[in-house]
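Notes for the one structure printed next.
Please treat every number below as a calculation from the coordinates, not as lab data. Here the structure is a predicted model, which means the values were calculated and not measured. Glycine also receives a Cβ, built like all others from the backbone with ideal geometry; neighbour counts cover every protein chain displayed.
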Amino acid sequence: MTLKIKCPSCHLMGLICEDDSVAVNDNKDMVKWIPPAGFRKVQLGWNNAKVNLLCVSCGVAAELAD
């Protein structure tokens, strides 16, 4: 499964490619996971399974692209 993300401010695009079995089971280790080029991950609270992807150049949260 491939997800397209984009920065709504500067329109930077990125791709997140995952194995379908991991996406269904939601067992991805977010500490070891590397975000797409141009984006950085920001952990939300104490739960390391939930992260936001922020654009490196402008700091705006990424959105799913069409």
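As a test of the definition: which semi-axes, in Å, follow for the range 2-64 when you take the square root of five times each eigenvalue of its alpha carbon gyration tensor? Largest first, please. Please report the intermediate quantities before stating the final value.
Details: eigenvalues 83, 43, 15 Å².
Equivalent ellipsoid of the range 2-64: 20, 15, 9 Å, largest first.
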Place the peptides 31-41, 52-62 in order of packing, highest mean first, counting for every residue the other Cβ atoms within 10 Å and averaging per peptide. 52-62, 31-41
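Can you show me the helix-derived [θ] at 222 nm for the chain, built from DSSP H runs with n ≥ 4 at -39,500 (n - 2.57) apiece and divided by the number of residues, rounded to the nearest 500. Please report the intermediate quantities before stating the final value.
Working: 1 runs with 6 residues, N = 66.
Roughly -2000 deg cm²/dmol at 222 nm, from the helical runs in the chain.
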Once Lys and Arg are counted +1 and Asp and Glu -1 for all other residues with Cβ under 15 Å from that of Ile5, the total becomes +1
